[in-house]
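The values are calculated or read from the model by the stated rules, or taken from the named source; none is laboratory data. These numbers come from a predicted model, not from an experiment. Positions of Cβ are generated from backbone atoms using ideal geometry, with glycine treated the same way; all protein chains shown enter the neighbour counts. These accessible areas exclude ligands, DNA and RNA; they are computed on the full protein's heavy atoms, side chains included. Shrake-Rupley method; radii C 1.70, N 1.55, O 1.52, S 1.80 Å.
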Amino acid sequence: MTSNRRLPQALGSLGVGLVLAVLSHPAVATSIAALLGAPGRRPLAAGRVIELAEHHLALAGLGLMLVGVLGVGLGVVATRVSARGWRNGIDTAAAVAQAVPPVVVVALALPVLGFGGPPTLLALLAYGIMPTLRGTIGAIEAVSPDARQAGIALGLTPRQVLTQIELPLAGAGILDALRVALVLSIATTAVGALAGASTLGTPIVAGLQNQNLLPMLQGASATAALAFLGDALMLAAAVLLRRSLDR
Amino acid sequence: MRAGVARVGKPGWVGLRPLLPMLVIAVAVAGVAGTLDMLRLAANRLVVGTPVGAEIFGQSGWLIAGLSLLGGGFLGARSSRPAALAALVTFCAALMLLSLTLCTAASDLIAWQPPAARARLASGAWTALVLLTAATIWAAGRTGLRRAGWFTAAGLTTAVLLVYRSGAYDGLSLAVEYRARAAAVQAALVQHVALSAAAVVLAAMSCALLYLWRAGRGAIKIAINGLQVVPAVALLGGLVALVSGVLAAIPGLRAVGLSALGAGPAILAIAAYLLLPFWRGLEGALRAAEPESVDAATAIGLTPRQILLELRLPIGTPILVGALRVASVQAIGLATLGALVGAGGLGGIVFDGMAQFAPDLILLGALPVIGLSLVVERGLSVVEDWARRSQRG
């Protein structure tokens, strides 16, 4: 994806995110439900939505941080040892990890880790690391061998080749992987509500259980708003990175 | 060349290299046996129970550890096919021995207990099973034989089924739970497959139809990409909220069979996420034919329809199968969430287990989901490889 397509994409995500955020406001949600003819019962107060969004962001952010450090770190290590055998192992592990959906990780961790945050965090890790790791490896391997050779010819140490040539050139690809990881982590955190974590998924699950349409609508639009805003943020970061490289 | 230089530079590592797999396995065995619990004895199916360590295995435990180390020794000794095959056989033997030992230990544990007591696999047993499976996969890969993994998987599955039929696993809480709910689990499995398949078919058909609308392709692509950002729980919640709102506004729709809960909204939501893999597959597949071949086909007088059916689609088949693989695995995972809106499937069993806090019931729903996705993923990637090979000649 080129950078001149990223900027409109970021603005699009920002716009959709803002609209959805407005939708999650109790007054707006109530009037939409009224428009559809459904009686508006007990909407969530704006303060409660914000509180849940804060919990959601804290949990997803912590997960993303761990996923980023482990995924990108392991990706860098895996490209250092340059052993083909590792790639097969990583691909197999990625396929296996993908076969275990986040709900299942949350459910399996429940008896061991108890209710709330820990099982959700485990699901965030289990589901996020492999795509990030693969994306990082792909991005670093896509750096042209010429650039690497030029660095070696200039007398750079392997560490300098990594920090001054490979990482800046692979930056866009790594940011793309992290963007996917961010969207995944916001979705997985919503699933964590099933294990009793207090996130924006909570009103959705509760609303589905007691047939209360309003909190369901509010929770759904707030969760989606967070995902779109995060997406916009990462796209904007990619644009900034590109600009700083061009300069 | 560079590898040679590195070897000269670090002679200490060269001596250790053959021992490396054995050392890793030794550390893993010591870690699992020393720190984790193998089984848990619970008074009933809902409590977690008291932990039981690896000492319950007795001599079989040492035999399993010895077999695992031997397998590691084979793998490290030399990188030849016989060595890898020997390691594969050793790891398989260790795996079967571990499962039998666990079950014997479980039967012994509950032998003098009241009927409600359960012996449950604990973290150490699961870790050991997963690590040994990983070692087996690794050894199967090292043999370099194309079907080694499949034969191993088939052999192990048959062995486990035979042992289950013989009743040796009956002491395990999972087997007890399964026997109590076999019919429900099987029905849920069928329902799960039906949900995923319906979503895959719906997504494939809508994707093909949408692709026909040439002018709208740009906008559709943006919409499909945007949909991926929406979290699944939010999409399900939003869909149910909207459909029930519409049904409240136009009650006549209920008579047509439309409802806010059930399989309908779940299939719709799952299919929405599958549009992207199919769209990418379709784009890639139609672009796979080289422009020269298309020009040549046009020159010899083939109609666009013939070019599509006889040139573009056959060349793009592997890519389309790849798209089907990605979409199917996603569908199986997402269908688990379908139980949230009352669509049933294996997710229903998982959620029941979570609500009752019954670990075995959760596993009973979760294991088939994992198995199903792995089988579909592997199976379709074999088809994909086969299509790719048959194309080359």
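Which is the longest part of chain B that has none of the trypsin sites (Lys or Arg not before Pro) sitting in a DSSP loop with at most 12 other Cβ atoms within 10 Å? After excluding every exposed loop site, the longest remaining stretch is B:148-393. With Cα atoms defining each centre, the range B:168-217 and the range B:275-350 are spaced 19 Å apart in the structure.
Apply 1/(1 + (r/R0)^6) to the Cβ-Cβ distance of B:R81 and A:R42, taking R0 = 60 Å, and write down the FRET efficiency to the nearest 0.05. That gives a FRET efficiency of 0.30.
Based on DSSP H segments of at least four residues, each scored -39500 (n - 2.57), chain B has a per-residue ellipticity at 222 nm of -26000 deg cm²/dmol. Accessible surface area normalised per residue over the protein assembly as shown is 49 Å², counting heavy atoms of protein chains with a 1.4 Å rolling probe. In chain A, a dipole from Cβ-located charges (positive for Lys and Arg, negative for Asp and Glu) runs towards its positive end, and of A:L57, A:H25, A:G71 it is A:G71 whose Cα lies farthest in that direction.
Over chain B, what is the relative contact order in whole percent, taking alpha-carbon pairs under 8 Å and six or more residues apart? Let's see the in-between values first.
Working: 489 pairs, mean separation 59.1, N = 393.
With pairs under 8 Å counted, the relative contact order is 15 percent.
Averaged over the residues of B:221-230, the number of partner chain Cβ atoms lying within 10 Å of the residue Cβ comes to 5.
Extension gain for A:A94-A:L70 works out to 7.2 nm (0.36 nm per residue, less the C-alpha to C-alpha distance). Once you have a ≥ b ≥ c as the square roots of the Cα gyration tensor eigenvalues for the range B:2-171, tell me rounded if a/c is under 1.5, and otherwise prolate or oblate according to whether a/b is larger than b/c. It is prolate, given that a/c is not under 1.5 and a/b is the larger ratio. Dipole of the protein assembly as shown computed with +1 at Lys/Arg Cβ and -1 at Asp/Glu Cβ about the Cα centre; of A:I129, B:V163, B:P318, farthest Cα towards the positive end is B:P318. Contact residues in the range B:361-379 (at least 40 Å² less accessible area with all protein chains than alone, 1.4 Å probe): B:I362, B:I370, B:L374. Simple spin-label estimate for B:Q306 and A:V19 gives 4.7 nm between the two label positions (7 Å along the Cα-to-Cβ direction from each Cα). May I ask which residue of B:L129, B:A297, B:A83 lies farthest towards the positive end of the charge dipole of chain B, with charges of +1 (Lys, Arg) and -1 (Asp, Glu) on Cβ and the Cα centre as origin? Value: B:A297. Note that the range B:180-392 carries a Kirkwood radius of 19.2 Å, evaluated over its alpha carbons pair by pair. Peptide A:186-193 is shielded by partner chain Cβ atoms: per residue, an average of 4 of them sit within 10 Å of its Cβ. Once the Cβ-Cβ distance between B:L20 and B:T127 is put in as r, and R0 is 25 Å, what FRET efficiency do you end up with, to the nearest 0.05? In this case the efficiency is close to 0.75.
With the simple spin-label model, which puts each label point 7 Å out from Cα in the Cβ direction, the B:A183 to A:L233 separation comes to 5.2 nm. Taking Cβ atoms as reference points and 14 Å as the exclusive limit, the residues near A:T202 contribute a net charge of -1, counting Lys and Arg as +1 and Asp and Glu as -1.
Spin-label pair A:D246-B:A43: with each label point 7 Å from Cα along the Cα-Cβ axis, the two points sit 7.0 nm from one another. Relative contact order for chain A: 34 percent, from Cα pairs under 8 Å spaced at least 6 residues apart, divided by residue count. Share of carbon and sulfur in the accessible area of the range A:102-247 stands at 65%, probe radius 1.4 Å.
Given the rule -39500 (n - 2.57) for each run of at least 4 DSSP H residues, summed and divided by the residues of chain A, what is its mean residue ellipticity at 222 nm, to the nearest 500 deg cm²/dmol? Could you put the intermediate results ahead of the total?
On the way: 10 runs with 197 residues, N = 247.
Result for chain A, helices only: -27500 deg cm²/dmol.
For the pair A and B, the buried accessible area comes to roughly 3000 Å² in total, with a 1.4 Å probe and the value rounded to the nearest 100.
Using a Förster distance of 25 Å, how high is the FRET efficiency between B:I250 and A:A34, based on the Cβ-Cβ distance and rounded to 0.05? Mind dumping the intermediate values first?
Details: r = 16 Å, r/R0 = 0.62.
The formula returns an efficiency of 0.95 here.
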